[in-house]
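The values are calculated or read from the model by the stated rules, or taken from the named source; none is laboratory data. Please read all numbers here as calculations on a predicted model, not as lab measurements. Note: ideal-geometry Cβ built from the backbone for every residue, glycine included; neighbour counts use all protein chains shown. What goes into the accessible areas is simple: the full protein's heavy atoms, side chains included, and nothing from ligands, DNA or RNA. Shrake-Rupley method; radii C 1.70, N 1.55, O 1.52, S 1.80 Å.
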Amino acid sequence: MKLVLLVSVVGLAACQFQQFGFPPRRQFFSGPPQTFGVQADDVRGGSAYYFSWRHDGGRKYTGNAAFSLCTSLGGGWQPVGISSPDELRYVNSIVGRERLEYIWTGGVKSGNGFRWLNGEPFSVADWSHTGGLRRPQPDNREGGQENCLAVLNNFYNDGIKWHDVACHHVKPVICERRA
């Protein structure tokens, strides 16, 4: 009897939520799930790294959605900031080894330069010597809207290099947090 009563109460509550226009639970979350205590894909040099493509079936994100994905993981995750020659080699090796076309980083335009969203110093640069207009990067070629920093894998026959890219393009992302 108690079970029948419990099921009835739950059913009535569900009907009330539908009556007031509340969608089913699965529709509340259109972005990445809120996952706390995320298992890192790799840890090195004082940072933990999370590779989006290993967890979401190869989904690609706009620059803003990549930021949202990383921060939604909780625990201080941000899109990767590349602040040392060792970390540059590491990220490039991941892009090459995983045969990725490109990834988002946490680099964003700031004034006439770029900065890392996670606050790390922007002291290393690996800009390409070419791009869509065959000019050195950053070239801001898409109508002055190339405000995000991506790592492209030989996209312009230039090796694994940095490019400024309009944030509406879609790419996987490496997320980083202090280990």
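Before moving on, here are some points about what is shown:
- Residue check, V43 open to solvent by 40 Å² or more (accessible area, probe 1.4 Å) and at pLDDT 95 or above: yes
- Residues in the stretch 102-147 that are touching a residue at least 60 places away in the same chain (Cβ under 8 Å) and either among the acidic types (D, E) or closer than 18 Å to N92 by Cβ (or both): Y102, I103, W104, T105, G106.
- Lone unmet requirement of (1) open to solvent by 20 Å² or more (accessible area, probe 1.4 Å); (2) in a strand (DSSP E or B); (3) more than 29 Å from Q39 (Cβ to Cβ) for H163: (1)
- Complete set of residues in the stretch 137-158 that are open to solvent by 30 Å² or more (accessible area, probe 1.4 Å) and in contact with a strand residue (DSSP E or B) (Cβ under 9 Å, 6 or more places away or on another chain): P138, N140, R141, E142, N147, N153, N154, F155, Y156
- Flag if N92 is touching a residue at least 60 places away in the same chain (Cβ under 8 Å) and of a type in the set (S, T, N, Q): yes
- Evaluated against (1) within 14 Å of R177 (Cβ to Cβ); (2) assigned to a helix (DSSP H, G or I), G119 falls short on exactly one condition, (2).
- Of R134, R115, all but one fail to be of a type in the set (K, R), out of contact with any His (no Cβ under 8 Å at 6 or more places or on another chain), open to solvent by 30 Å² or more (accessible area, probe 1.4 Å) and at pLDDT below 95; the exception is R134.
- Residues (open to solvent by 70 Å² or more (accessible area, probe 1.4 Å) and in contact with a strand residue (DSSP E or B) (Cβ under 6 Å, 6 or more places away or on another chain)) located in the stretch 98-112: E101
- Residue that is nearest to G119 (Cα to Cα) [pool: residues in the stretch 170-179 that are open to solvent by 60 Å² or more (accessible area, probe 1.4 Å) and part of a loop (DSSP other than H, G, I, E, B)]: A179
- Conditions (1) assigned to a loop (DSSP other than H, G, I, E, B); (2) of a type in the set (S, T, Y); (3) in contact with a strand residue (DSSP E or B) (Cβ under 6 Å, 6 or more places away or on another chain); number of the one not met by S83: (3)
- Residue match in the stretch 80-90 (condition: open to solvent by 40 Å² or more (accessible area, probe 1.4 Å) and in contact with a Pro (Cβ under 7 Å, 6 or more places away or on another chain)): no
- Filter result for E146 (modelled with pLDDT of 95 or more and of a type outside the set (S, T, Y)): yes
- Cβ-Cβ under 7 Å pairs, at least 6 apart or on other chains, the stretch 152-179 side on the phi > 0 side of the Ramachandran plot, far side assigned to a strand (DSSP E or B) and among the aliphatic types (A, V, I, L, M): N154/I160
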